[in-house]
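Shown next, in structure tokens, is the structure this report addresses.
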Amino acid sequence: MPRPIACSVFIATSLDGYIAREDGALDWLPQIAEEHGYDAFMATIDAHVIGRHTFEWVLAYGGPWLYTKPVVVLTSGAPPAELPGEARDLEFMAGDPRAVVARLAERGWTSLYVDGGVTIQRFLEARLITRMILTRVPVVIGRGIPLFGPTARDIVLEHVGTKAFASGLVTSEYRVVRPAEREQDRS
């Protein structure tokens, strides 16, 4: 039987909780060379699982291919006809988060980086996210694409640690508390 997969989030938000402007623009993100733990985080993952909208943003970005590890794009539609030439280890997959994770576990993968607002929300709702690293950028953009949407239940997080950077960014790490753990705490 495959080992369980740890699904983690590493994402920046505006102070008011948005991951992008309404049109997907990230112009509010500072261009800072300061290392915020991303490289160390990336060393712990086997692959990226991203949503279709995030993938389309990456393609529209027009820069170099951003990924050095395998990328699984969640989509129910057909893949684009043209893909970046440097895009390696790229795959399109459909299905609910639990089915996707089960298929990826069969490959021996043990740690996934989940990215994209809707994808993160779906994985949270499926109780698959185990770790969240959120970097708050000191800017209020007023409206945009929220990191969190409506949930069917509370999602309880345990604070692991917070680090402030000279740039003004603040990164907090959380562990997602499983429902069984909350029940044990109540007894």
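The values are calculated or read from the model by the stated rules, or taken from the named source; none is laboratory data. Just so you know, these numbers come straight off a predicted model, no measurement behind them. Here the Cβ positions follow ideal geometry from the backbone for every residue, glycine too, while neighbour counts run over all protein chains shown.
One residue stands out in the stretch 123-136 among those that are hydrophobic (A, V, I, L, M, F, W, C) and either touching a Gly at 6+ places or on another chain (Cβ under 8 Å) or part of a loop (DSSP other than H, G, I, E, B) (or both): the one that is surrounded by the fewest Cβ atoms within 10 Å (Cβ to Cβ), namely 126. Contact map, the stretch 139-150: residues that are without any contact (Cβ under 8 Å) to a residue 60 or more places away in the chain and closer than 14 Å to residue 118 by Cβ paired with residues that are surrounded by 15 or more Cβ atoms within 10 Å (Cβ to Cβ) and not charged (D, E, K, R), Cβ distance under 8 Å, separation 6+ or inter-chain. Pairs shown: 149/117; 149/121. Among the residues that make up the stretch 149-158, is at least one of them hydroxyl-bearing (Ser, Thr, Tyr) and surrounded by 14 or more Cβ atoms within 10 Å (Cβ to Cβ)? Checking the stretch 149-158: not a single residue is hydroxyl-bearing (Ser, Thr, Tyr) and surrounded by 14 or more Cβ atoms within 10 Å (Cβ to Cβ).
Reported count of residues in the stretch 138-160, each being among the small types (Gly, Ala, Ser), at negative phi and over 16 Å from the mean Cα position of the chain (by Cα), is 1. Residues in the stretch 174-181 include none that are exposed (fewer than 15 other Cβ atoms within 10 Å of the Cβ), among the small types (Gly, Ala, Ser) and either at pLDDT 95 or above or assigned to a loop (DSSP other than H, G, I, E, B) (or both). Here is the figure for the stretch 24-40: residues that are among the hydrophobic types (A, V, I, L, M, F, W, C), closer than 22 Å to residue 69 by Cα and in a loop (DSSP other than H, G, I, E, B) total 1.
Scanning the stretch 53-71 for residues that are within 17 Å of residue 101 (Cα to Cα) and either modelled with pLDDT under 80 or buried (at least 19 other Cβ atoms within 10 Å of the Cβ) (or both) yields one hit, 71. For the stretch 72-107, the set of residues classified as surrounded by 12 or more Cβ atoms within 10 Å (Cβ to Cβ), among the charged types (D, E, K, R) and at pLDDT below 80 consists of 88 only. Out of all the residues in the stretch 113-122, is one or more hydroxyl-bearing (Ser, Thr, Tyr), surrounded by 13 or more Cβ atoms within 10 Å (Cβ to Cβ) and within 28 Å of residue 26 (Cα to Cα)? The answer is yes; a qualifying residue exists.
I'd like to check something: does the stretch 80-87 contain any residue that is among the small types (Gly, Ala, Ser) and in contact with a Phe, Trp or Tyr (Cβ under 6 Å, 6 or more places away or on another chain)?
Yes: one or more hits.
Scanning the stretch 150-162 finds no residues that are assigned to a loop (DSSP other than H, G, I, E, B), at pLDDT 90 or above and under 25 Å from residue 35 (Cα atoms).
Given the criteria of a type in the set (Gly, Ala, Ser) and either closer than 25 Å to residue 86 by Cα or touching a Pro at 6+ places or on another chain (Cβ under 7 Å) (or both), does residue 37 qualify?
Spelling it out, it is not the case that residue 37 is of a type in the set (Gly, Ala, Ser) and either closer than 25 Å to residue 86 by Cα or touching a Pro at 6+ places or on another chain (Cβ under 7 Å) (or both).
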